[in-house]
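Notes follow once the structure below has been shown.
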Amino acid sequence: MNEVLSHTCGRDRKIMTRRDIHTLCGHNWRNDEVINFYMNLLTDRGEKKSKSNGLPTVYAMNTFFLPRLMQTGIKRWTHKVDIFTRDILPVPVHVGGVHCCMAIIHLKNRAIKYYDSMGIPNSNVLKALEQYLKDESMDKRKQPFDTSQFIMENIW
């Protein structure tokens with residue numbers, strides 16, 4: 001069950017085992033490894049190929065990002081990456097530990113959207129991500145980041 005089936009090559013090398021893949025079958029709980037592996041694949045593709053094939057540039061957060069942001073704030077999470085040079089920032093969201101959702105910061109389109117298949121809005125996540133952009137800009141660029149024209153939207 002611990003046989004390695006695949007791995008990512010980018011910033012945070014991740015492996016995918018047979019056990020991880022098995023969580024996608026039936027009514028099993030999805031584990032963080034599966035979600036984080038996919039987020040790394042998005043980032044790898046977004047870094048290497050986007051400029052040459054017209055795909056959006058992507059920097060995907062992992063499942064630990066939002067809980068940490070909501071609890072203690074984030075400093076130096078992306079110390080080697082300028083997120084403001086990316087088009088899209090996907091942020092996986094675990095709601096109550098049992099339901100997975102997705103927030104996406106669309107820097108290019110000036111929007112922060114929260115996607116929940118159960119139709120439950122989460123304004124706290126939208127506000128936290130907006131504040132994160134402002135804090136990240138002050139930390140990295142030493143200038144305010146204007147979100148007044150951003151669309152903040154819950155989608156289901």
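Here is a check on your reading of the model: is residue 103 small (Gly, Ala, Ser) and assigned to a strand (DSSP E or B)?
yes
When the stretch 108-156 is examined, which residues are found to be part of a loop (DSSP other than H, G, I, E, B) and within 16 Å of residue 78 (Cα to Cα)?
Result: 141, 142.
Of all residues in the stretch 59-79, which are out of contact with any strand residue (DSSP E or B) (no Cβ under 6 Å at 6 or more places or on another chain) and more than 19 Å from residue 145 (Cβ to Cβ)?
62, 64, 67, 68, 70, 71, 72
Would you mind stating whether residue 21 is modelled with pLDDT of 75 or more and over 20 Å from residue 136 (Cα atoms)?
No, not satisfied.
Hand me the list of helices (runs of 4 or more DSSP H) wholly inside the stretch 24-76 holding 2 or more residues that are modelled with pLDDT of 80 or more and closer than 27 Å to residue 135 by Cα.
65-72
Pairs, please: C-beta under 6 Å, at least 6 apart or cross-chain, first residue open to solvent by less than 100 Å² (accessible area, probe 1.4 Å) and in the stretch 64-85, second in a loop (DSSP other than H, G, I, E, B) and not basic (Lys, Arg)?
81/59; 83/59
Cβ-Cβ under 9 Å, sequence separation 6+ or interchain: first residue in the stretch 115-131 and free of Cβ contacts under 8 Å to residues at least 60 places away in the same chain and farther than 12 Å from residue 150 by Cα, partner open to solvent by 40 Å² or more (accessible area, probe 1.4 Å) and of a type in the set (Phe, Trp, Tyr). Which pairs?
Pairs found: 115/156; 116/156; 117/156; 118/156; 119/156; 120/156; 121/156.
What's the number of the only condition in (1) loosely packed, with under 12 Cβ neighbours inside 10 Å; (2) at pLDDT below 90 that residue 108 fails to meet?
Only one criterion in (1) loosely packed, with under 12 Cβ neighbours inside 10 Å; (2) at pLDDT below 90 is unmet by residue 108, namely (2).
When the stretch 102-143 is examined, which residues are found to be among the hydroxyl-bearing types (Ser, Thr, Tyr), within 15 Å of residue 61 (Cβ to Cβ) and touching a strand residue (DSSP E or B) at 6+ places or on another chain (Cβ under 8 Å)?
Hits for the stretch 102-143 are 114, 115.
Run residue 139 past the list (1) open to solvent by 60 Å² or more (accessible area, probe 1.4 Å); (2) over 30 Å from residue 54 (Cβ atoms) and report the number of the one that doesn't hold.
Checking residue 139 against (1) open to solvent by 60 Å² or more (accessible area, probe 1.4 Å); (2) over 30 Å from residue 54 (Cβ atoms), the one that fails is (1).
The values are calculated or read from the model by the stated rules, or taken from the named source; none is laboratory data. Predicted model only: the values in this text are computed from it and were never measured. As a convention, Cβ positions derive from the backbone with ideal geometry for all residues, glycine included, and neighbour counts pool all protein chains shown. What goes into the accessible areas is simple: the full protein's heavy atoms, side chains included, and nothing from ligands, DNA or RNA. Shrake-Rupley method; radii C 1.70, N 1.55, O 1.52, S 1.80 Å.
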